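K.L.:
Take this structure, written in structure tokens, and hold onto it; I'll ask about it next.
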Amino acid sequence: MEQPLARRSPLRVAHLIQYFAIGGLERMVQRLATASAARGVESLVIAYLGDGPVRTALQSHGVKTLLLDGRPGLDPALVLRLRSVLRRERIDILHTHHLGPFVYGAPAAMLTGCRHVHTEHSHELYDLPRRRLLGAMMSPLSKVVAVTPEVSEYRKRFPGRCRVIPNGVAVPRGDASMRSGARRRLGIDDDRFLVGCAARLSAEKNHFGLLDALARLLREEPRALLACAGDGPLRGRLHAAAKDVGVADHVMWLGNLEDMGPFYAALDACVLNSTREGLPLSLLEAMAFRVPVVATNVGGVGELLGGGAGILVPPCDPARLAASLASLAADPARARKIGVDGQERVRAKYSVDSMVDRYLALYREVVRRPLPPARMESSPCA
């Protein structure tokens, strides 16, 4: 006779990531681990390349964390350190995120006998033959999840099956007063047209093209101001580039923000000028705040914004990007409609509850034991 759920030991899931720094992948893991804990799953989040504010946020919600002593490049000894942790913590499922953690997580899970779930957040890292070989090894060694249909389509070239589980965000409760209060915190007048970009300052986010677009936008909309949240290796070069193109007085470099809510609440528009993406969490968060979004049509962005939930532009086209932003500044009613439609898109397809339900269904399948019921099954892909 099966033991009642209440008498079972809780399911123990360890998430393996590279960094505790602020980023879309890291915030997705934070939300999944925190929400899973509220459903009776004991979560441990492990990073091996760097500490950061996401670790503090996890711990503040009662989620256990661990920073392993890893180093850049291939570190075979990390497999043994990870194996020891999985055994000591009696982990039932190891959940790895992205290619690097898979390299260490797959053998460690095999050595300890725990189940392995792997989430692919993008296919753009498969740019070398050895990385494509790793991609082909994923399905035989783990249950593979793609965050977008576009990523799952790419994985059709590999053996095995995967399922699609989109990232999820919370839809905030708020009113018009949130905007004024958030702008006061940033020191921005209400009459400015505030465009926000929440992204790591790295090459694939193409902030250089965004600065070019801002210079073009200012010719049509002199009230425009760009607020950039995030940090990264190109910070110094981007600050210099803003001066070179004459927009330095119209750019706010905010660095990493632990609380992104006031940032999104202050915006008139959100922009992402990436050359590659999976499913950008920053766009989901902006849409949840009813902020109209303009983004390049790469990765899973096209499906996210299609049908009027946002404005899509080609990558590396600063003129189109500037024109789309100018159209929102010139037509506030249209901007509001896009914002409302975007929020409804998030509420219907990209909520935290939906994401957690789907992962719990997968965990239940992997360990073949009762877990809190899920409302929605994951979408299979072949």
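K.L.:
Accessible area of the chain with a 1.4 Å probe: how many percent of it is carbon plus sulfur? Please report the intermediate quantities before stating the final value.
P.N.:
Values: 8530 of 16710 Å².
Carbon and sulfur atoms account for 51 percent of the accessible area of the chain.
K.L.:
Distance cut-off 28 Å, Cα to Cα: go down the list 64/156; 64/143; 156/337 and report the pairs above it. Walk me through the numbers on the way to the answer.
P.N.:
Numbers: 64/156 35 Å; 64/143 24 Å; 156/337 37 Å.
The answer is 64/156; 156/337.
K.L.:
Additional query: In Å², and per residue, what accessible area does the range 1-138 have when probed at 1.4 Å with the other protein chains present?
P.N.:
Details: 6260 Å² over 138 residues.
In whole numbers, the range 1-138 has 45 Å² accessible per residue.
K.L.:
OK, next. Residues of the range 28-49 with backbone nitrogen within less than 13 Å of a virtual label 7 Å along the Cα-to-Cβ line of residue 90, please, listed as ranges.
P.N.:
Zone members listed by number: 42.
K.L.:
Tabulate in residue order the Karplus-calculated ³J(HN,Hα) for the range 222-236, using 6.51 cos²θ - 1.76 cosθ + 1.60 with θ = phi - 60°, rounded to whole Hz; enter x for Gly and Pro.
P.N.:
3J(HN,Hα) across the range 222-236, in whole Hz: x, 7, 5, 9, 10, 10, 10, 9, x, 9, x, x, 9, 3, x.
K.L.:
Select from 231, 191, 357 the residue whose mean-square fluctuation is largest in a Gaussian network model of the chain (Cα-Cα springs shorter than 10 Å).
P.N.:
Of 231, 191, 357, the most mobile in the Gaussian network model is 191.
K.L.:
Determine the calculated [θ] at 222 nm for the chain from helices alone, applying -39500 (n - 2.57) to every DSSP H run no shorter than 4 residues and normalising by the residue count; nearest 500 deg cm²/dmol. List each step's numbers first, then the result.
P.N.:
Values: 15 runs with 167 residues, N = 382.
That calculation yields -13500 deg cm²/dmol at 222 nm.
K.L.:
When only Cα pairs under 8 Å and 6 or more residues apart are kept, what is the percent relative contact order across the chain? Could the numbers behind the result be given before it?
P.N.:
On the way: 737 pairs, mean separation 60.2, N = 382.
That works out to 16 percent.
K.L.:
Please give the per residue volume of the convex hull enclosing the alpha carbon atoms of the chain, rounded to a whole number of Å³. Please report the intermediate quantities before stating the final value.
P.N.:
Working: hull volume 53.9 nm³, N = 382.
Convex hull volume per residue, Cα atoms: 141 Å³.
K.L.:
Per residue, what accessible area does the range 275-367 have, given a 1.4 Å probe and all protein chains present, in Å²? Mind dumping the intermediate values first?
P.N.:
Numbers: 3130 Å² over 93 residues.
Heavy-atom SASA per residue in the range 275-367 reads 34 Å².
K.L.:
Now for a separate question. Sorting check: for 46-58, 100-112, 245-257, which peptide has the highest mean count of neighbouring beta carbons within 10 Å, and how do the rest follow? Write out the running numbers ahead of the final one.
P.N.:
Details: 46-58: 19.1, 100-112: 21.7, 245-257: 15.4.
Packing proxy ranking, top to bottom: 100-112, 46-58, 245-257.
K.L.:
Okay, next question. Under 21 Å Cα-Cα from residue 205, which lysines qualify once same-chain neighbours fewer than 8 residues away are excluded?
P.N.:
Answer for residue 205, where 21 Å is the Cα cut-off: 243, listed by chain and number.
K.L.:
Here's something else I'd like to know. Taking a probe of 1.4 Å, how large is the accessible area per residue of the range 153-222, in Å²? Present the calculation step by step, with values, prior to reporting the outcome.
P.N.:
Numbers: 3660 Å² over 70 residues.
Result: 52 Å² of accessible area for each residue.
K.L.:
Using +1 on the beta carbon of Lys and Arg, -1 on that of Asp and Glu, and nothing else charged, what's the dipole of the range 1-129 about the Cα centre, debye to 20?
P.N.:
I would put it at about 580 debye.
The values are calculated or read from the model by the stated rules, or taken from the named source; none is laboratory data. Because the structure is a prediction, the values reported are computed rather than measured. All Cβ positions, glycine included, derive from the backbone under ideal geometry; neighbour counts span all protein chains shown. Surface areas here come from the heavy atoms of the whole protein model, side chains and all, with no ligands, DNA or RNA. Shrake-Rupley method; radii C 1.70, N 1.55, O 1.52, S 1.80 Å.
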